[in-house]
Amino acid sequence: MTNLFTKKTYFFLFMFFLINLLLIIFFPSESGDTNTIKIVAKNILYNYCISLSNPLNAECIPHWGSNQGPGYPFLVSISLYLFGENLNPVRFFQMTIHLGVLIYFIFKLQKLLNIKINNFFILIIIFSPLTFGWHRYVLTESISFSLTIFLLTNLLPIFFNKKVNFVLIGIIVSIGFFIRYDFIFYILPICLLLFITQNFKSFLISSLKISIISILIVSPYLYRNFQTGLDFLPPTQIGLHLEDGPKTPNGYVDWISTWSFTNYMYANALYPVDYGNYDNIIIHEKAYFNDSQVKLVEENLNKLSNYNNLAIPKEIDNNFKEIAEYNRNNFKKYVYFELPVKRFFSLWFNPVTSLGFPGSFNNNRIDLNYFTNLNSIEKLSFVIENSYGLFFKLANFIYRFLIIIFFGYVIVKIFKNNIKKLKPILYFVSSFLLLKNFFLIFTFYTATRHIISSVIFIEILLILFFFKKNST
């Protein structure tokens, strides 16, 4: 097969490039995370350190690196050095990387299958509503999604009984770890995949190759953390980015984890704390388990207003810790069962997220109660004013819903028809889904963007299922 790409494939790839280019030029976006990334990047560039301290002061109080690893801030520091404060080069770079990975994936899959992929599935992988459009942001997501597809692309040969470059797998996982720490969750699914597809000797050799290369790449960073007095690995809880060091208000965070089940809940409660802006804290009404807690929380928040730009005092943090313990001891069914279920649905079926697409409402305080309390004319006016954002939010929601339905269908078909060649990838995808989602629902990381890597795997499983079904 001399030409694996059809004219339509080239057209789709060109449209991917063109639309993303327009999004970057006309809808560039930054967030609080972007600001944090820039601080670390400037410390890397000007002070040769990984820190959240003010780069102008060169104080360099050690930190793990942004709200994720130091990999993405390092990329931003290169852009700052070459192009100054304009971060569009970062956006262009991550778009180009993603385009290259998509081309490589399509090429690799068609070569392994020895057939041209149906245009419908080309559209899914290129224009997925969950991954498309992220390149306009200066955030870790874009690079992380690209590495996820690149990782699975290089694991594909194992499903076709062909050789896999395990050294490259180790490099991808290690680089991914520096970009986003959640790449750790790929380790166990990869081990499971190797265990069920190889004999024991090959399993040991393959695992050893991945382990050695990963240790060689990651260990200097872990040693640096130890030498500077930090924990080897960053805490799993969301922490503060205050200039006087990476201190996490464990009691306050623990309290939020007993009631928060949407990213909006924890964002309003935690993000103002991120830089000591305690006057901007907004606590959701669902945070209170009884009337006495309302008064207790208000008292502690009033005390916090005297400590703006400083870390939460230990005494106040302990007060929140006591409330968290009370909630866990007296409302176990809610905290340990109902809350994780709510978080699962919030992760997968958040109806108002447009993810990478431009889709913010005109009013940032809008929620379901706000909308239901509008009269008919006000509701119509709201829909007209926010039609662009509503379209992308609806499309995104429907797509996620359909993905879950089709994933369930594929699971049933694989076991009912005993499709042995697809079982390893099903186990790989399912183990990652369970591991990642279990972690998310028992913390409070309920932003839908955290499950996108899971959806990428499901998308690719559906593509493989379709071609396996039609080749038998």
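For HIS450, HIS63, HIS135, what ranking results if the residue with the fewest other Cβ atoms within 10 Å of its Cβ goes first? Walk me through the numbers on the way to the answer.
On the way: HIS450 19, HIS63 24, HIS135 30.
Fewest-to-most ranking of HIS450, HIS63, HIS135: HIS450, HIS63, HIS135.
What is the gain in length, in nm to one decimal, between ASN118 and LEU204 on full extension, counting 0.36 nm per residue of separation less the C-alpha to C-alpha distance? Don't skip to the end; give the middle numbers.
On the way: separation 86, 0.36 × 86 = 30.96 nm, distance 3.73 nm.
Between ASN118 and LEU204, full extension yields 27.2 nm more.
A simple spin-label model places pseudo-atoms 7 Å from Cα toward Cβ; at PHE93 and ILE19 they are separated by 2.6 nm. In order along the range 210-220, the Karplus-derived 3J(HN,Hα) couplings, from 6.51 cos²θ - 1.76 cosθ + 1.60 at θ = phi - 60°, round to 4, 5, 5, 5, 5, 5, 4, 7, 8, 4, x Hz, and Gly and Pro are given as x.
Can you pull out the chymotrypsin sites (Phe, Trp or Tyr not before Pro) in the range 377-466 that DSSP calls coil and that have at most 15 other Cβ atoms within 10 Å? Could the numbers behind the result be given before it?
Working: sites: PHE382, TYR388, PHE391, PHE392, PHE397, TYR399, PHE401, PHE406, PHE407, TYR409, PHE415, TYR427, PHE428, PHE432, PHE438, PHE439, PHE442, PHE444, TYR445, PHE457, PHE465, PHE466; in loops: PHE442, PHE444, TYR445.
Passing sites in the range 377-466 are PHE442.
Which angle from 0 to 90°, rounded to the nearest 10, does the C-alpha axis of helix 291-304 make with the longest principal axis of the chain? Approximately 80 degrees, to the nearest 10.
Taking 4.7 Å between beta carbons as the limit, the unpaired Cys residues of the chain are CYS191.
The label-point distance for LYS108 and LYS379, in a model that sets each label 7 Å from Cα toward Cβ, rounds to 4.9 nm.
About the Cα centre of the range 7-232, how large is the charge dipole given +1 on each Lys and Arg Cβ and -1 on each Asp and Glu Cβ? Please answer in debye to the nearest 20. Working shown, then result.
Numbers: 15 positive and 7 negative charges, 214 e Å.
Computed charge dipole of the range 7-232: roughly 1020 debye.
Each of ILE78, ILE213 was scored by other Cβ atoms within 10 Å of its Cβ. Listed from fewest to most, they are ILE78, ILE213. Among LEU193, LEU87, LEU233, the order by Cβ neighbours within 10 angstrom, fewest to most, reads LEU233, LEU87, LEU193. In the list (i) 142; (ii) 176; (iii) 151, the label attached to volume of the Cα convex hull per residue in Å³ as derived from the coordinates here is (ii).
Relative to one another, the C-alpha centroids of the range 314-354 and the range 368-443 are positioned 22 Å apart. Here the Karplus curve 6.51 cos²θ - 1.76 cosθ + 1.60, taken at θ = phi - 60°, turns the phi angles of the range 395-402 into couplings of 4, 5, 5, 4, 4, 4, 5, 5 Hz, with x standing for Gly and Pro.
Laboratory data are not the source of any read-out in this text; all were calculated from the coordinates shown. Keep in mind the model is a prediction, meaning the values are calculated, not measured. Don't worry about glycine lacking a Cβ; one is built from the backbone with ideal geometry, like all the others, and counts go over all protein chains shown.
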